[in-house]
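Data block below; observations after.
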Amino acid sequence: MLTLHAERTIQAPTDIIWDVISDVERYAEYAPNLSRAVKVGDGQTPSRRCWDTQGRGWNEACVLWEEGKQYSYVIDTSDYPYPFVQMKGTWGMDPQADTVRVWMRFDYTPKGPALLYPLVQNRIKRVFAPVIEELLDNWEAEIAQRATA
């Protein structure tokens, strides 16, 4: 299994930060690689369906929801447009003294032989690190706007 991780330190009220990063239906507004995200289940662990900017869709099942702390989705890779056997995304926040560390982590297993994993890892970082940074920028802008409203 491989991991892609990113984080950002933000100075804002924790309730505003959590409201932004946990809004699973608005996730596509912040993620530049997505065109839409729709909640397909209610309750404590809301599943969702996502579509990329090329119109390809897939399902994600929420497997963890710790209110005010973190949540995780497991992606149904049977219709996922990327070559992964398994993928899980976790998003969260950790309040510090006067800031909040906002983070996301993607654990994945690529299709193909393990011998190629280092090459895949490098490619994933090159392709998705800028996407994640833009998502964090968009979250931070939304948080700042709400904090000053």
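None of the figures in this text is laboratory data; all of them are computed from the coordinates on show. The model shown is predicted, which means the values in this text are computed figures rather than measured ones. With ideal geometry, Cβ positions are generated from the backbone for all residues, glycine too; neighbour counts draw on all protein chains shown.
Apply the Karplus parameterisation 6.51 cos²θ - 1.76 cosθ + 1.60, with θ equal to phi minus 60°, to every residue of the stretch 63-79 and state each ³J(HN,Hα) to the nearest whole Hz, in sequence, with x for glycine and proline.
Once θ is set to phi - 60°, the couplings for the stretch 63-79 become 10, 8, 9, 10, 3, x, 10, 6, 8, 9, 10, 9, 8, 6, 7, 5, 10 Hz.
Report, to two decimal places, the Cα Rg of the chain normalised by 2.2 N^0.38 Å (N = number of residues).
Taking N as the residue count of the chain, the ratio is 1.05.
For the stretch 92-149, take the alpha-carbon Rg, divide it by the Kirkwood Rh, and send me Rg/Rh.
Ratio value, two decimals: 1.15.
To the nearest 10 degrees, how steep is helix 117-148 against the longest Cα principal axis of the chain, on a 0 to 90 scale?
Its long axis makes an angle of about 20 degrees.
If the label point is 7 Å along Cα→Cβ of residue 23, which residues in the stretch 88-123 have backbone nitrogen under 20 Å from it?
In the stretch 88-123, the label zone of residue 23 (backbone N under 20 Å from the point 7 Å along Cα→Cβ) covers 90-94, 100-104.
At a Förster radius of 30 Å, what calculated FRET efficiency corresponds to the Cβ-Cβ distance of residue 64 and residue 137, to the nearest 0.05?
According to the calculation, E is roughly 0.75.
Leaving out same-chain residues fewer than 8 places away, which lysines sit with a Cα under 25 Å from that of residue 39?
By straight Cα distance, residue 39 reaches 69, 88.
For a label point 7 Å from the Cα of residue 147 along Cα→C-beta, name the residues of the stretch 9-47 whose backbone N is under 15 Å from it.
9-21
Per DSSP H run of n ≥ 4, the term is -39500 (n - 2.57); total these for the chain, divide by its residue number, and report the mean residue ellipticity at 222 nm rounded to 500 deg cm²/dmol.
Using -39500 (n - 2.57) per qualifying helix, the result is -9500 deg cm²/dmol.
Quick one: Karplus J couplings for the stretch 48-59, per residue in order, coefficients 6.51, -1.76, 1.60, θ = phi - 60°, nearest Hz, x for Gly and Pro?
Values per residue, Gly and Pro as x: 8, 10, 10, 10, 7, 6, 9, x, 7, x, 7, 9 Hz.
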